[in-house]
Amino acid sequence: MEITRKDVEKLIELRKNDTFLNHLWNVFSRDLRPAGEFGRNEIKVWNQNIWNATFYPIFKFEFNSNNHLIKISDKLNPIGKIIIGIFIIGFLYFVFPENPTEFNYIGNWPAIAFITVFASIFALFARMIYRFEKRNQLDEIFELLDMEVEEKKTEKEWSLKNSLIRLLTYPFCLFLIGLNIFLIIPNGGYLLAIGIFGFVGFYLISDLKMIFKK
């Protein structure tokens, strides 16, 4: 069955341009209607939901001269990119002092290692949210368009790469939980503890959902 431009247009309830300001407004307004931008040979579609307000994907549908769908690609929305950039810059600010030549790197290696690992966990966490949301939205789009998608070789959740990543992230999550229980909470850092528990809990729950999703 050929998917036409008109079929894809039906996915969109709100017509918008794919700009930074429109996506920023989308984050604050929490408008959950599917939005999109109409181009000459392409249509961009995005849809924010309640739990994923910042790392949602933008899908680009490309058409041939007969307005038949030939390709679907995706990218992270600009707000998600900005948040990741700010987070990484913030970590670099804490790692590197104003005068790097006088900083005792060897003596402060535990703090540098902790911040570096935490930044890596955040990057993996953002990527995982994006992949999870991309998969869910693509399934919904294929169902709405009544597309018969051929089985493709997908990356297994327990592939060597994902297993190595979890060998790093899971122990680090346990370390953060222990840090909360034995150091942060006893010293009155309740807000920090709540933030860490939220971060770790959301990561583990989301990852387990991806593993056991059929």
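The values are calculated or read from the model by the stated rules, or taken from the named source; none is laboratory data. Worth saying up front: this structure is predicted, and the values here are computed from it rather than measured. Cβ placement follows ideal geometry from the backbone for every residue including glycine, while neighbour counts extend to all protein chains displayed. Heavy atoms of the whole protein, side chains included, go into the accessibility calculation; ligands, DNA and RNA do not. Shrake-Rupley method; radii C 1.70, N 1.55, O 1.52, S 1.80 Å.
Observations
- Applying 0.36 nm per residue to the separation of LEU183 and ASN64 and subtracting their alpha-carbon distance, the gain on full extension is 36.8 nm.
- Ligands, DNA and RNA aside, THR19 has an accessible area near 60 Å² when probed at 1.4 Å.
- Between LEU14 and ILE50, the distance separating the two model label sites (each 7 Å from Cα on the Cα→Cβ line) works out to 1.7 nm.
- Counting only protein heavy atoms and using a 1.4 Å probe, the accessible area of ILE106 comes to about 140 Å².
- Normalised per residue, the volume of the convex hull around the Cα set of region 30-90 (Å³): 93 Å³
- With every protein chain in place, region 8-92: carbon and sulfur % of accessible area (1.4 Å): 58 percent
- Ranked packing of 179-189, 4-14, 51-61, most packed first, by mean Cβ within 10 Å: 51-61, 4-14, 179-189
- Gain upon complete extension [TYR190, LEU204; 0.36 nm per residue less C-alpha separation]: 3.0 nm
- For ILE88 and VAL27, the difference between the fully extended length at 0.36 nm per residue and the C-alpha to C-alpha distance is 19.9 nm.
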